[in-house]
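Scroll down for the structure; my scribbles are underneath it.
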Amino acid sequence: MHLYFQVLVRMNFLVITLCLVMNRPYQFYYFVPLVSYWFVVVYLFMTVWPRVSVASVESNSLHYLFMVLKFAALAAAITLTYSSEVFFEKIFLIHPLRALFVSADDSISDWRFRWSLDRYSTLYGMLFAFGMLIGRRLKIFNDVNGESVLESRRLTWLLCLLSAVGIGVYGTFTALCQTKQQCNSVHSYIAFIPILSYLCLRNLRGWLRTKYSAFFAWFGRVSLELFIGQYHIWLAADTHGLLVLIPGYPVMNVVVTSFVFVCISHDIHCITERLVPYLVPDDCRRLARNIVCLTVAFLPLAVSRGILFST
């Protein structure tokens, strides 16, 4: 349980701090609410009965069927929520959750758009992970010791070719798509194609899977802070302008602001990593104490903003 809270605090610490300091709604930093929501969905999906784990499927193969049924139920729930706008609003406009999903103008349209755009992406990822576990158990995949995932070289090269075609087809579709609405309406159904194609190209060959860029890996570790920090360092005027430190020298201005941007994001990442163990300790009693203290501290603010009760 403490790991669950650690991940949520790790993702939301900077955003909540900025919301309080900058007086911004939670949806202003839309990416964090989105990934937090789907993280909670995945946690509940794996927690609710019947609970399935690697150990349970090894002792009872029937648990594979339970997972398939849970996947089907999740897909049906996502489809139902998307299909009915009334049902969607009944779920996300319930107090006190309403404050997490409405924008500054008290509208839920932005959240609905971003939620629906990648509504099946988390399900695709879970299905892929489930397939990998089954493949490892059946010894179809071998992803250790830097070897090729598949024993057959022909099948490996065939999948690599299909993956390259998949990326090309998806790129062609996005280039030829006439309107944004048309692209968005199809995106959620085919978003897995470029992702799965890249994963195959990146991991099927052992010599390629074991190589990575230390430069981009470093940036990946601070990617969350980079995404959030751009709202107040690279951009200005609520993302409608650019921060100018050196007027009249745009190139130099980009270099300086980018350097400041990356350094601050790295420092915020280090600070967050230091604070999270204190905010979410391993001991259950200390964790419960912190939850109670934070609830009491934020309760007056929640009441004054009308978060707990409708006005």
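The values are calculated or read from the model by the stated rules, or taken from the named source; none is laboratory data. As the structure is a prediction and not an experimental result, all values here were calculated from the model. Glycine gets a Cβ as well: all are built from the backbone with ideal geometry, and neighbour counts include every protein chain shown. Keep in mind that these areas ignore ligands, DNA and RNA; they rest on the heavy atoms of the full protein, side chains included. Shrake-Rupley method; radii C 1.70, N 1.55, O 1.52, S 1.80 Å.
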statement: Ranking Phe130, Leu69, Leu155 by how far each Cα lies towards the positive end of the charge dipole of segment 58-198 (+1 on Lys and Arg Cβ, -1 on Asp and Glu Cβ), the top one is Leu155
- line: Per DSSP loop assignment and a cutoff of at most 16 other beta carbons within 10 Å, the chain keeps its longest run without exposed GluC sites (Glu not before Pro) at 152-311
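Take the Cα radius of gyration of segment 162-311 and divide it by 2.2 N^0.38 Å, with N its residue count; two decimals is plenty. List each step's numbers first, then the result.
Details: Rg = 22.6 Å, N = 150, 2.2 N^0.38 = 14.8 Å.
Cα-based Rg divided by the globular estimate yields 1.53.
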query: Assigning unit charges at the beta carbon (Lys, Arg +1; Asp, Glu -1) and nothing else, what dipole magnitude in debye, to the nearest 20, does the chain show about its Cα centre?
result: 680 debye
For segment 72-178, accessible area per residue (1.4 Å probe, heavy atoms of protein chains only), Å²: 62 Å²
query: For segment 1-117, what class follows from the C-alpha gyration tensor (a ≥ b ≥ c being the square roots of its eigenvalues): rounded when a/c is under 1.5, otherwise prolate if a/b is larger than b/c, else oblate?
result: oblate
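Among the chymotrypsin sites (Phe, Trp or Tyr not before Pro) within segment 191-222, which fall in a DSSP loop and have no more than 11 other Cβ atoms within 10 Å of their own Cβ?
Sparse-neighbourhood loop chymotrypsin sites (Phe, Trp or Tyr not before Pro): Tyr212.
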- request: Could you work out the longest stretch of the chain that avoids the trypsin sites (Lys or Arg not before Pro) located in DSSP loops with at most 15 other Cβ atoms within 10 Å?
  value: 212-304
- request: Filter the DSSP H helices in the chain by two things, a Kyte-Doolittle mean of at least -0.5 and an axial alpha-carbon span of 18 angstrom or more, and list the hits by number.
  value: 2-22, 31-47, 62-83, 121-137, 153-176, 250-279, 284-304
query: Considering only protein heavy atoms and a 1.4 Å probe, what is the carbon-and-sulfur percentage of the accessible area of segment 235-280?
result: 74 percent
message: Please state the shape class of segment 166-244: rounded when a/c is under 1.5, otherwise prolate if a/b exceeds b/c and oblate if not, all from the C-alpha gyration tensor.
response: oblate
Sequence-separation-based contact order of the chain, relative, with Cα cut under 8 Å and 6+ spacing, percent: 20 percent
message: Restricting to Cα pairs below 8 Å that are 6+ residues apart, what does the relative contact order work out to for segment 230-302? Please round to a whole percent.
response: 17 percent
task: Determine the shape class of segment 116-170: with a ≥ b ≥ c the square roots of the Cα gyration tensor eigenvalues, call it rounded for a/c under 1.5, and otherwise prolate if a/b is greater than b/c, oblate otherwise.
output: oblate
message: List the Cys residues of the chain that have no partner Cys with a C-beta closer than 4.7 Å.
response: Cys19, Cys160, Cys200, Cys263, Cys270, Cys284, Cys293
message: Taking 8 Å as the Cα distance limit and 6 or more residues as the minimum spacing, I'd like the relative contact order of segment 182-311 as a percentage.
response: 14 percent
query: Under unit Cβ charges (Lys, Arg +1; Asp, Glu -1), what dipole magnitude, rounded to 20 debye, does segment 104-202 have relative to its Cα centre?
result: 380 debye
